[in-house]
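Enquirer: Structure below; questions to follow.
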Amino acid sequence: MIFSTTSVPPVYKVVFKYFVYDIAWFGVLNGSILTFLSVYLTRIGASTSEVGVLSAAPAVIAVLFALPSGNWLVGKPIGIITFWASLVNRIFYLGLIPFALLFSNEIQRYLIMGMIILMSVPGTILVVGFNPLFGEHIPNEWRGYVAGLRNAAFAIVSMGTTLISGQILNRFPFTTGYLIIFALGFLGAMMSSFYLLRISRLKNVETSNVVKSENNQEEVKKLPGILHWEAITTHFKTVLILIFFFHLFQYLPIPLFPPFLVRHLFLTDSTISLGMTLFSLGNFLGSTQLAWLTGKFGNKFLVGFGLICMSTYPAMFALAHEQILYLVASITGGVAWSMAGGALFNYLLEGIPPQKRPGYFGWYNMVANLAILLGSTLGPAIGSVLDIRLAFWIFAMLRLIGGAAILRWG
């Protein structure tokens, strides 16, 4: 059972617990601010292009800073730097409360977009630093287990928070409801950072199948200023190309979903909340089996097959004329993401030398965010030129092709 801790060596239990608590509190942030910010922007008059800024702006910053950040982190105390990056990044969420109270809808939209741009600089360092931090503290043989635990905790907390948020929006006036959600999300963000601080104070517990941190430090001292160009001369280059298309096809339809739900299906916030809750439920159910699935099929298969299954999400949107298909798409999409998202970073870790993780993840984050940037800008453009349902069919087909390519060449 994924929740059994009887077989976990005592030396690992504390670090596993902190990693789960970190993502559980992040689930509070996800089920509130991250889930409803795009809906909020849509309801205060944002266009699909403005909604796309939520993904595009961080991607632009990450493309510029991911590689330098990864290089800069090599040989430095990743844990404490990751904590401070998370704190600086997430403190910006507090600004949503005065924005909603003091400014008009139009000014709010510009302020929120500016906020997203500014917070993306420390956000890039956070993302680049967290992945090697996870690899540093979680031995290879336990990564599928811990990833499953984290995904399950994230899903169930996101699900509960999304349900509560939907009820808040249903029972309170528009501005008051969103103020409560913004405050709840900020609390989750701060508590997640608190557990990153606790992780940063833990001793490295990597086992002998992974290069010891002391040896890592000796090697990285010999590599100052190197951008790890060898990352794009090995098989990791192929992985980077495939992951570029993974994220591109993932993000193409995302900016179109909130406007479609609000302006085409005319769904209420409570119905949108229910769909997002079902997505988290599907993610939770899939995550409880992630360790078993990883052991049976491997990380590459789960990433590729998961992306193929993710094609059903925009396909069902293309068919939807009322809430039922949206709700079905939500739960099946959650199961698909539990496989693709749950196995993605472990798949990357398999091909990265332990002592070079920050540099390699710098390459990954630059490539992934370039794809996110393109997807977040091209998606709305395609949706404005084509019928939105036809666009969803095209995006579904691209996801299917992308998943098959990972299975074939990954």
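The values are calculated or read from the model by the stated rules, or taken from the named source; none is laboratory data. Predicted, not measured: the structure shown is a model, and the values here were computed from it. Using ideal geometry, Cβ is built from the backbone for each residue, glycine included, and neighbour counts are taken over all protein chains shown. Please note that ligands, DNA and RNA were not included when accessible areas were found on the heavy atoms of the full protein model with its side chains. Shrake-Rupley method; radii C 1.70, N 1.55, O 1.52, S 1.80 Å.
Enquirer: Where does the chain land at 222 nm, in deg cm²/dmol rounded to the nearest 500, when only DSSP H runs of n ≥ 4 count, each adding -39500 (n - 2.57), divided by all residues?
Expert: -26500 deg cm²/dmol
Enquirer: Enter the accessible area of Lys300 (Å², nearest 10), with the probe set to 1.4 Å and all protein chains included.
Expert: 70 Å²
Enquirer: Using 0.36 nm per residue, how much length does the chain from Ser270 to Leu118 gain when fully extended, once their Cα-Cα distance is taken away?
Expert: Gain on extension, Ser270 to Leu118, equals 51.6 nm.
Enquirer: Report the normalised scattering of the stretch 1-100 as log10 I(q)/I(0) at q = 0.20, 0.25 Å⁻¹, calculated by the Debye formula with identical scatterers on the alpha carbons.
Expert: -1.20, -1.37
Enquirer: Solvent-accessible area per residue for the chain at a 1.4 Å probe radius, Å²?
Expert: In whole numbers, the chain has 40 Å² accessible per residue.
Enquirer: Taking the chain as a Gaussian network, Cα atoms linked when under 10 Å apart, which of Ser200, Ser86, Ser338 shows the biggest mean-square fluctuation?
Expert: Ser200
Enquirer: Extending each Cα 7 Å along its Cβ direction at Lys296 and Trp409, get the distance between those two points in nm, one decimal.
Expert: Taking the two extended label points, one gets 3.0 nm.
Enquirer: Moving to a separate point now. Could you list the residues of the stretch 17-53 with an amide nitrogen less than 19 Å from a label point located 7 Å from the Cα of Phe194 in the Cα-to-C-beta direction?
Expert: Answer for this model: 17-33.
Enquirer: Anything in the chain that counts as a DSSP H helix reaching 24 Å or more along its axis (C-alpha) with Kyte-Doolittle mean of at least -1.0? List them, would you?
Expert: Helices meeting the span and hydropathy rule in the chain are 10-29, 48-73, 105-137, 143-171, 174-200, 235-251, 269-287, 323-350, 357-385, 388-409.
Enquirer: Using a 7 Å offset from Cα along Cα-Cβ at Thr234, what residues in the stretch 380-410 end up with backbone N under 19 Å from the label point?
Expert: Within reach of a label on Thr234: 409-410.
Enquirer: Which Cα, out of Thr312, Leu197, Met397, lies furthest along the positive dipole direction of the chain (beta carbon charges, K/R +1, D/E -1)?
Expert: Leu197
Enquirer: In what order, largest first, do Leu169, Leu184 sit by accessible area if the probe radius is 1.4 Å?
Expert: Sorted descending by solvent-accessible area, the residues read Leu184, Leu169.
Enquirer: Could you check the simple spin-label distance between Thr176 and Asn140, using points 7 Å along Cα→Cβ, in nm with one decimal?
Expert: 5.7 nm
Enquirer: Still on this model: Run the accessible area of the chain with a 1.4 Å probe and give the carbon-and-sulfur part as a rounded percent.
Expert: 69 percent
Enquirer: With all distinct Cα pairs included, what does the Kirkwood hydrodynamic radius of the stretch 320-368 come out to in Å, to one decimal, could you say?
Expert: 13.2 Å
Enquirer: The list [x] 18.2; [y] 21.8; [z] 19.8 gives values of mean projected area of the Cα convex hull in nm², and only one came from this structure; which label was calculated from it?
Expert: Computing mean projected area of the Cα convex hull in nm² and matching it to [x] 18.2; [y] 21.8; [z] 19.8 gives [x].
Enquirer: For Ser104 and Ser384, what is the calculated FRET efficiency with R₀ set at 30 Å and r taken between the beta-carbons, to the nearest 0.05?
Expert: Calculated transfer efficiency: 0.75.
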